[in-house]
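Chemist: Below is the structure I would like to discuss, written out as structure tokens.
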Amino acid sequence: MGWKSFNKWFLRHSIKSLPVAAGAVGMGCIGFPAHPAWEVTGACNLRCIHCHAQSGRPAEDELTTEEAKRFIDKLAEVDEFRMLVYTGGEPLVRPDIFDLLEHSKKAGFANVIATNGTLITYDLAKRLKKAGVVGAAISLDSSERSVHNRIRSNEKAFELAMRGIEAIRKAGILLQINTTAMEYNFDTLDELVGLADMYGSGIMFMYQLVPVGRGEKINDATLDLRDNERLIRFLYKKQRNISTIIEPVAGPQYWPHLMESTKKNEGIWMDIARQCLYGRAAGRGFVYIKANGDVWPCPFVEISAGNVREMPFKNIWEKAEIFKNLRDRENTLKGTCGDCRYRGICGGCRGRAYALTGGYLAEDPSCFINKEVSAPVRHEYILKAVDQRLLI
């Protein structure tokens, strides 16, 4: 691909990245493939317009401190899970968050926290590092203050997030920037990627807006097929000259595009790619746990495979039908995703497929890799989701 800044990334970020990776090899659509993300609370100090969790107040049935600690212990029984992401809501508003971080640290996990960054001061960042936090993913949706504040529904969100970014850097924690690409901020993404690189972000997750949660109310801002292609081509070109690693989330077509653009989509290169490029990671190393203990394949596939209050997590992870189906992408995917030669390194976004078609194994309606083949089929999706802007 001609990543000109690899040496710069290696010197700046490789040592800090090792604890975050926690032994995982490869890249998926939501980071290193083998890790759980735990929505520890539905409470949040912001009301972001696109929040998939519809965060605000804590849910009445959230795991108690003791239930949460038992869950962490059960999670540790899965050998491939050595890194745990705390997310929300805003995890820092949960009163016992440091007790939980300390507990998962003792259980052998490298802790990562996904946060809006507005509550992080330098003193708090130092406490996080002491509690085993090796990486912090701070949400930043635009380089323009007004755009970020509009998306976050708070006039001070940008200023406070930037304070949090500075505090995390000063504390020596690996910085990750999380961004959700949508119509409202699309034109500012170039400057935002540059900003993330300038501030020394080791990783940047570029989410696409999936119309779930509050995102359903702004489905006019969801990227359509053409915009998905435009975003992925932009990220591919941008990656060449920056040291921050960009990982598209809800855009696994990035990996087939990479293979085709580098003309390494045959023979041994495809075999290598299948070992290290996971594309869609839901159920294949990645899992999402809700605040009440429900186990989902990812934040955007709103289907519970079971609840940790009712059965051991390992049983859910290993035996639930939905996880078995998602892992068997060679035989279970439908439509053009099932027929695609790149299904092993892509698999399509299951969240978008589920949100727009009602089938979590259906073809991804926003895939541009097979757009000529799938164009006639896409009419049924337009009928089912008129407001989703899927016209091609």
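Chemist: Pull up the cross-link candidates among the lysines for K314, meaning alpha carbon to alpha carbon under 18 Å and not fewer than 8 places away within one chain.
Modeler: Qualifying lysines at Cα under 18 Å: K69, K74, K290, K324.
Chemist: Provide the convex hull volume over Cα atoms per residue for the stretch 82-179, in Å³.
Modeler: 85 Å³
Chemist: Apply the Karplus curve 6.51 cos²θ - 1.76 cosθ + 1.60, θ = phi - 60°, to the phi angles in the stretch 147-156 and return the couplings in whole Hz, x for Gly and Pro.
Modeler: 5, 4, 5, 5, 5, 8, 6, 7, 6, 10
Chemist: Where the Cα atoms of the chain are projected onto their three principal axes, how long is each span, largest first, in whole Å?
Modeler: If we take the Cα atoms of the chain, the spans are 54, 46, 43 Å.
Chemist: Give the lysines whose C-alpha is closer than 19 Å to that of K129, dropping any in the same chain fewer than 8 places away, or say none.
Modeler: Hits, sequence-local ones excluded: K16, K105, K106, K170.
Chemist: Apply the Karplus parameterisation 6.51 cos²θ - 1.76 cosθ + 1.60, with θ equal to phi minus 60°, to every residue of the stretch 168-185 and state each ³J(HN,Hα) to the nearest whole Hz, in sequence, with x for glycine and proline.
Modeler: Computed from phi, the couplings for the stretch 168-185 are 5, 4, 5, 7, x, 9, 4, 8, 10, 9, 10, 10, 10, 7, 8, 4, 5, 10 Hz.
Chemist: Ignoring ligands, DNA and RNA, what percent of the accessible area of the stretch 105-224 is carbon or sulfur (1.4 Å)?
Modeler: In the stretch 105-224, the share of accessible area belonging to carbon and sulfur is 46 percent.
Chemist: So which residue, out of E66, E90, E363, gets the largest mean-square fluctuation from a GNM of the chain using Cα contacts under 10 Å as springs?
Modeler: Taking springs between Cα atoms under 10 Å, the residue moving most is E66.
Chemist: Separate question: So what are the radius of gyration and Dmax for the Cα set of the stretch 252-361, in Å?
Modeler: Answer for the stretch 252-361, Rg first and Dmax second: 15.0, 49 Å.
Chemist: Need one number: nm distance between label points at K237 and E266, each 7 Å from Cα along Cα→Cβ, rounded to one decimal.
Modeler: 2.7 nm
Chemist: What's the long-distance tail for the stretch 130-235, i.e. % of Cα pairs beyond 21 Å?
Modeler: Across the stretch 130-235, Cα pairs with separations above 21 Å total 37 percent.
Chemist: Residue-wise, which Karplus ³J(HN,Hα) couplings in Hz belong to the stretch 101-106, taking 6.51 cos²θ - 1.76 cosθ + 1.60, θ = phi - 60°, and x for glycine or proline?
Modeler: After applying 6.51 cos²θ - 1.76 cosθ + 1.60, I find 4, 5, 5, 5, 4, 5 Hz.
Chemist: Which percent of the Cα-Cα distances in the stretch 197-246 go past 18 Å?
Modeler: 44 percent
Chemist: List the residues whose amide H sits under 5 Å from the amide H of V287, counting only those 5 or more places along or on another chain, with H placed 1.01 Å from N in the peptide plane.
Modeler: When sequence neighbours closer than 5 places are left aside, the close amide H contacts are H35, A37.
Chemist: Under 5 Å between amide hydrogens, which residues at least 5 positions from S5 or on another chain qualify, with H placed 1.01 Å from N in the peptide plane?
Modeler: I242
Chemist: Gaussian network model of the chain, Cα springs within a sub-10 Å range: biggest mean-square fluctuation belongs to which of F109, F71, F286?
Modeler: Highest fluctuation among the options: F71.
Chemist: Looking at the stretch 35-109 from every direction and averaging, what is the projected area of its Cα convex hull in nm²?
Modeler: Average projection, Cα convex hull of the stretch 35-109: 4.9 nm².
The values are calculated or read from the model by the stated rules, or taken from the named source; none is laboratory data. All of these numbers come straight from a predicted model, not from anything done at the bench. With ideal geometry, Cβ positions are generated from the backbone for all residues, glycine too; neighbour counts draw on all protein chains shown. Note: areas computed on protein heavy atoms with side chains; ligands, DNA, RNA excluded. Shrake-Rupley method; radii C 1.70, N 1.55, O 1.52, S 1.80 Å.
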